[in-house]
Protein chains: 2
Amino acid sequence: MSESKYAAAGVDIEAGKKATDLMKSAVKATYNDHVLAGLGAFGGLFSAKAFADMANPVLVASTDGVGTKTRVAARLNRWDTIGHDIVNHCVNDILVQGAQPLFFLDYVASSKLEPEQIATVVRGIAGACQAAGAALLGGETAEMPGVYQEGELDLVGTIIGVVDQDKIIDGSQIQFGDKILALPSSGLHTNGFTLARNALAEESWIDPMPELDQQKIGDVMLAPHRSYLPQIARLQEVGVDIHGLAHITGGGVYDNLPRVLPAGCGANILAESWEIPAIFNLIQQKGEITAKEMFHVFNMGLGMLIIVDEEEESLIRRTIGNEVVTVGEIIPGDQTVNVLGI
Amino acid sequence: MSESKYAAAGVDIEAGKKATDLMKSAVKATYNDHVLAGLGAFGGLFSAKAFADMANPVLVASTDGVGTKTRVAARLNRWDTIGHDIVNHCVNDILVQGAQPLFFLDYVASSKLEPEQIATVVRGIAGACQAAGAALLGGETAEMPGVYQEGELDLVGTIIGVVDQDKIIDGSQIQFGDKILALPSSGLHTNGFTLARNALAEESWIDPMPELDQQKIGDVMLAPHRSYLPQIARLQEVGVDIHGLAHITGGGVYDNLPRVLPAGCGANILAESWEIPAIFNLIQQKGEITAKEMFHVFNMGLGMLIIVDEEEESLIRRTIGNEVVTVGEIIPGDQTVNVLGI
């Protein structure tokens, strides 16, 4: 990454250069043959040859932030995980339409940028990009005193991927009786942190908790957002006919699953079919939150939902192993989701 | 724009819906035939048919923020201009490599999102996108109490454009004796606001200033960043052989012009060749800032530099009119810029 591609706005020049030096090799490691490095200086360049073999390539784009998960990172002064969060969140957001990542751009802003801190965040981003096969094509760091509170930081990412038009997954094939399978989340992922932080007193974050097998709340909250790209790619390789995918983010199953449900379809989710991770029970109990609200805010252990014909279930299990759980089915309905047993 | 494409994280659900309703028609107005609406729900979809006629299409991407210009907008409670700033800034950043905009994504975050305020910002973004022929393909709004200071807001944009590989403008044709022409800026654009706000006491922003022809400082500071797409597109249409383009942003001519200078080339800029806008003189005087620092932080009235062979000057003048000024020339050098006469 040339210095100019990774621009730093308003930052102390020396601090900006130091951060750039610290992250350079990690960023370069994400480059592939499609990145035309050294040609330009302002924007990142990516050759469309990367998808020249597709009949009707469609670009899929998504921008997102990690929300107030950054506040947990700030309290624990641990900056190596949130880069993975933002990349994996974005990877999953385009994956649900069947898209493969091409490249990623990031934005990190704070009241005062510390070179080591920023470099650690960007190295996390670069690592997750490399794992996803995405080039980290550009980025921006901004120092904005007076806008951000002291010691706080925001992290935003944009992903661009591609899918062949006739392979777009859009839920249109979903029908009554289809099964809803789930891949587990690693925890809160990047949603619900405002509510979680209200429920769990900050002073308790560094204490080992019996309810969490003696893990610290802070560490459990910071567990990085999982990418489901490897699993979904495997399913596509073996020819599983995926009717729909739902990435469970803010709004939980209630808001995210309907995005992919066609008119006339609803969904039943059976809450007893998987084990809800302990962190959610702890948040619910300490925050005195109703089960319904919990399912409206958190993923509750469901990271990615896969909707398929019943006949595909065994192939899916053989392909991506035991962690996949059947959690519900498609029913006649008005694009709403019922969570049963809560 | 479907509600789901324009996701709101952590926002009061009713506020999020209201903001979405308020901005919907403006966003839809940016759509063109290449936007595949209604097909998906998580990421925006854009057909590569938009550039199917290019021999070797190369995607050009850039992410940026508007910096602390948002603080001026907040003080004046005026939210209709900064959307234009972020889009036009990004448009210019990829324009310097010869790229045409395809689509744009935005991110708006604050401690508390006000639907009317966010909708006003996004309508500005949509208006500038429409003017640039870019689809506003997606966006995210985030409410992050505790990260942002009360009443403050950050605005981030990502643009994706395309250029045919053999038409990439990379400065490699620049040679000694080439002329440096400038298109004027509309003011500060989106850089140097931290320094400007330190120099000009906030209490004075709403007073008409004799030095500014009785305009208010706040209004002059908020003047939207210009897009140079129409002018550069016209030059390309009439066949001007552009050797290099430099978008003058943070770092001024000193840092931005060298990005496009090939090895062995330097540049002389003659400060007397154009009239420096009054706002910069006011900042310099009130802030007791050296001329050299001013040229290191601000654009000083130069929005876009165009580097061409001397013979192209008259065609450029005939094509884009009188506002273009010759401000310097390319000399032997080590990729550094001299500003003469300051």
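Values in this text are rule-based calculations from the coordinates and carry no lab data. Owing to the predicted nature of the structure, the values given are computational and were not obtained by experimental measurement. Here the Cβ is made from the backbone with ideal geometry for all residues, glycine too, and neighbour counts use every protein chain on show.
Taking the Cβ of each residue in B:I276, B:I94, B:I232, B:I159 as the centre, tally the other Cβ atoms inside 10 Å and list the residues starting with the fewest.
Values: B:I276 18, B:I94 28, B:I232 24, B:I159 31.
Going from least to most buried by this count: B:I276, B:I232, B:I94, B:I159.
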Dividing the alpha-carbon Rg of the protein assembly as shown by 2.2 N^0.38 Å yields what?
0.96
Gain on full stretching of the segment that runs from B:K112 to B:D21 - 0.36 nm per residue minus C-alpha separation:
30.9 nm
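Can you tell me the relative contact order of chain A? Whole percent, Cα pairs under 8 Å, sequence separation 6 or more. Numbers along the way, then the final one.
Values: 741 pairs, mean separation 73.4, N = 342.
RCO, chain A: 21 percent.
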Chain B, dipole about Cα centre (Lys/Arg Cβ +1, Asp/Glu Cβ -1), debye to the nearest 20:
640 debye
Computed [θ] at 222 nm, deg cm²/dmol, chain B (DSSP H ≥ 4; -39,500 (n - 2.57); rounded to nearest 500):
-9000 deg cm²/dmol
Taking the Cα centre of the protein assembly as shown as origin and charging only Cβ (+1 Lys, Arg; -1 Asp, Glu), how large is the dipole, in debye to the nearest 20?
40 debye
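Going by a ≥ b ≥ c, the root eigenvalues of the Cα gyration tensor, does chain A fall in the rounded group (a/c under 1.5), the prolate group (a/b larger than b/c) or the oblate group? Before the final figure, lay out the partial values.
Working: a/c = 2.25, a/b = 1.22, b/c = 1.85.
Oblate, since a/c reaches 1.5 and b/c is not below a/b.
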With one decimal in nm and the nearest listed first, the spacings from B:N338 to its own position in the other copies, using label points 7 Å along Cα-to-Cβ, are 8.1
Among the residues of chain B, which one places its Cβ closest to the rotation axis that maps chain B onto chain A, and what is that distance in whole Å?
B:T158, 2
If the only charges are +1 at each Lys and Arg Cβ and -1 at each Asp and Glu Cβ, what is the size of the charge dipole of the stretch B:11-164 around the Cα centre, to the nearest 20 debye?
220 debye
Quickly work out the A:E150-to-A:W274 label distance, labels modelled 7 Å from Cα along the C-beta direction, and quote it in nm with one decimal.
4.2 nm
Based only on other Cβ atoms within 10 Å, what is the fewest-to-most ordering of A:L136, A:L229, A:L315?
A:L315, A:L229, A:L136
Along Cα-to-Cβ, 7 Å out, sits the label point; list in nm, shortest first, how far the one on A:E150 is from those in the other copies.
1.7
Please compare each pair in A:K112/B:K216; B:K18/B:K112; A:K17/B:K179; B:K69/B:K286; A:K17/A:K112 to a cut-off of 21 Å on the Cα-Cα distance and tell me which ones are over it.
A:K112/B:K216; A:K17/B:K179
Qualifying lysines (Cα of each under 17 Å from Cα of B:K24; at least 8 residues distant if same chain):
B:K5
Taking the Cβ-Cβ separation of B:N281 and A:R78 as r and a Förster radius of 60 Å, what is the calculated FRET efficiency to the nearest 0.05?
0.80
Taking alpha-carbon centroids only, the stretch A:127-159 lies from the stretch A:268-342 a number of Å equal to 31 Å
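Looking only at the stretch A:6-167, where both bridge partners belong to it, what percent of the DSSP beta bridges are antiparallel (to the nearest 5)? Intermediate values should be presented prior to the final figure.
Details: 20 of 33 bridges.
Given both bridge residues lie in the stretch A:6-167, the antiparallel proportion sits at roughly 60 percent.
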22 Å tail of the calculated P(r), the stretch B:6-167, as % of Cα pairs:
41 percent
Have a look at the DSSP beta bridges in chain B and tell me what percent are antiparallel, nearest 5.
70 percent
List the distances, in nm to one decimal, from the label point of B:K167 to the label points of the same position in every other copy, shortest first, placing each label point 7 Å from Cα along the Cα-to-Cβ direction.
2.9
Go through the stretch A:257-274 residue by residue and turn each phi into a ³J(HN,Hα) via Karplus (6.51, -1.76, 1.60, θ = phi - 60°); whole Hz please, and just put x for glycine and proline.
5, x, 4, 10, 7, x, 3, x, 10, x, 9, 9, 10, 9, 4, 7, 7, 9
Just name one of B:N198, B:N338, B:G301: the one whose Cα is farthest towards the positive end of the charge dipole of the stretch B:179-340 (beta-carbon charges, Lys/Arg +1, Asp/Glu -1).
B:N198
Please report, in Å, the Rg and the Dmax of the stretch A:179-340, where both are computed over Cα atoms only.
16.3, 50
Counting other beta carbons within 10 Å of each Cβ, put A:W205, B:W79, B:W274 in order, fewest first.
B:W274, A:W205, B:W79
Between A:L340 and B:E203, what is the spin-label point distance in nm, taking each point 7 Å from the Cα along the Cα→C-beta axis?
6.9 nm
Using 1/(1 + (r/R0)^6) with R0 = 22 angstrom and r between the beta carbons of B:N32 and B:E237, what's the FRET efficiency to the nearest 0.05?
0.65
Using modelled backbone amide H atoms (1.01 Å from N, in-plane), which distant-in-sequence or interchain residues come within less than 5 Å of B:V147's amide H?
none
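Hey, what did the stretch A:6-167 get for relative contact order, percent, Cα under 8 Å, at least 6 apart? Don't jump to the answer; show the numbers that get you there.
Values: 316 pairs, mean separation 63.0, N = 162.
It comes to 39 percent, rounded to a whole number.
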The stretch B:31-103: C-alpha gyration tensor shape, a/c 1.5 cut-off, then a/b vs b/c
oblate
